[in-house]
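The values are calculated or read from the model by the stated rules, or taken from the named source; none is laboratory data. Please read these numbers as outputs of a predicted model, since none were measured by experiment. Here Cβ is always computed from backbone atoms with ideal geometry, including for glycine, and neighbour counts include all displayed protein chains. When the accessible area is computed, the model is the full protein with side chains, heavy atoms only, and any ligands, DNA or RNA have been set aside. Shrake-Rupley method; radii C 1.70, N 1.55, O 1.52, S 1.80 Å.
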Amino acid sequence: MRMRFFLGILMVSLLIGACSKETETKQVQDVETEETQVTEKEKTSEKETQGAKTSEPSGLAIFKPEVGMVKTFIVEGENQTYTEEYVHESEEYIQKVTKIGEAATVQVYKWTEKEISLVFEDRTPDDPYKNYISELNNPGSIENYSEEETSDWELIETNKTIEVPSGEYTNVIVFKKVTNEVEDAETIYVNYFAPGIGLIKEEFELTGDQGYSAAAVLQSVEIK
């Protein structure tokens, strides 16, 4: 009887031990499953965040320069040069400082996938490198590049290849503007934009008896 009693206790102990191990194993498996689900969610969230950060620009935003870019232009047939430097930006705006010698002009553009609009200009700034974007309050458009009929500049060509002193550029877009700012003549402007660089060439023509033409082309590009 005593032997059977001890065997009974031993069997109960073994059963309890097995049940405990099974419960512990199940708990571990449940924890591992939860951790795996959390890890997968974190990975998915991280991928989505990275995707948002690395999303490629589209439309006219493709042609937006980057802050720190300094472009030097030379007027064809002359020794005159000028620079364009991009100094500040926000989500939609970018500030450019154009220098001819010591004279500086500040311009701020609203640059999105649908438009490139000049919204601010100061030809005699006290400090051209001051952040003017932070002071803007729903500015109106001074002049506008877009594909809309109301645009000041007309998109006349896309996917063009242009060679200038700084190199060859592909997928260039071309805008044209015609004005009557000179009496009895037309003033024709043609601007060329390259992806990631912005303006690379400007053409100017005045028609009429006293007409003439000129062009400025990108000579060099550097990033500060």
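Just give me the residues in region 42-93 being hydrophobic (A, V, I, L, M, F, W, C), in a helix (DSSP H, G or I) and at pLDDT 95 or above, in sequence order.
Within region 42-93, Leu60, Ala61, Ile62, Phe63 meet the criteria.
Starting from residues that are among the small types (Gly, Ala, Ser) and exposed (fewer than 14 other Cβ atoms within 10 Å of the Cβ), keep the ones in region 129-142 and report whichever is farthest from Tyr93 (Cα to Cα).
Of region 129-142, the ones among the small types (Gly, Ala, Ser) are 134, 140-141.
Next, from what is left, pick out any that are exposed (fewer than 14 other Cβ atoms within 10 Å of the Cβ): 134, 140.
Working: Ser134: 10, Gly140: 13 Å.
Filtering first and then ranking leaves Gly140.
Condition first: over 21 Å from Val217 (Cα atoms), under 17 Å from the mean Cα position of the chain (by Cα) and in contact (Cβ under 8 Å) with a residue 24 or more places away in the chain. Can you find one or more residues in region 101-109 that meet it? Break it down into steps so the answer makes sense when it comes.
In the first step, residues of region 101-109 are kept if they are over 21 Å from Val217 (Cα atoms); the result is 108.
In the following step, the residues that additionally are under 17 Å from the mean Cα position of the chain (by Cα) were identified as 108.
Those still in the list that are in contact (Cβ under 8 Å) with a residue 24 or more places away in the chain too: 108.
Yes, the conditions are met somewhere in region 101-109.
Considering only residues that are closer than 12 Å to Phe63 by Cα and in a loop (DSSP other than H, G, I, E, B), which ones fall in region 166-224?
Pro195, Gly196, Ile197
When you go through Asp126, Asp209, Asp184 one by one, which is the residue that is touching a Gly at 6+ places or on another chain (Cβ under 8 Å) and open to solvent by 30 Å² or more (accessible area, probe 1.4 Å)?
Asp184
Which residues, counting only those in region 113-132, are in contact with a strand residue (DSSP E or B) (Cβ under 8 Å, 6 or more places away or on another chain) and over 22 Å from Ala103 (Cβ atoms)?
Glu115, Ile116, Ser117
Being acidic (Asp, Glu), closer than 19 Å to Leu218 by Cβ and touching a residue at least 60 places away in the same chain (Cβ under 8 Å): is that true of Glu168 here? It would help to see each step written out before you state the result.
Working: acidic (Asp, Glu): yes; closer than 19 Å to Leu218 by Cβ: yes; touching a residue at least 60 places away in the same chain (Cβ under 8 Å): no.
No: the conditions fail for Glu168.
Answer yes if at least one residue in region 151-162 is in contact with a Phe, Trp or Tyr (Cβ under 8 Å, 6 or more places away or on another chain), closer than 21 Å to Thr72 by Cα and touching a residue at least 12 places away in the same chain (Cβ under 8 Å), and no otherwise.
The initial filter retains those residues of region 151-162 that are in contact with a Phe, Trp or Tyr (Cβ under 8 Å, 6 or more places away or on another chain), namely 151-156, 160-162.
When the remaining residues are screened for being closer than 21 Å to Thr72 by Cα, the result is 161-162.
When the remaining residues are screened for being touching a residue at least 12 places away in the same chain (Cβ under 8 Å), the result is 162.
Yes: region 151-162 contains one or more residues that are in contact with a Phe, Trp or Tyr (Cβ under 8 Å, 6 or more places away or on another chain), closer than 21 Å to Thr72 by Cα and touching a residue at least 12 places away in the same chain (Cβ under 8 Å).
For Asp152, indicate whether it is open to solvent by 20 Å² or more (accessible area, probe 1.4 Å) and at positive phi.
No; evaluated as a whole, the condition is false for this residue.
Tally the residues that are in contact (Cβ under 8 Å) with a residue 12 or more places away in the chain and more than 23 Å from Thr150 (Cβ to Cβ), restricting the search to region 176-202.
Total satisfying the criteria: 9.
Of everything in region 158-178, what is open to solvent by less than 70 Å² (accessible area, probe 1.4 Å) and either modelled with pLDDT under 95 or not polar (S, T, N, Q) (or both)? Give them in sequence order.
Lys160, Ile162, Val164, Gly167, Tyr169, Val172, Ile173, Val174, Phe175, Lys177
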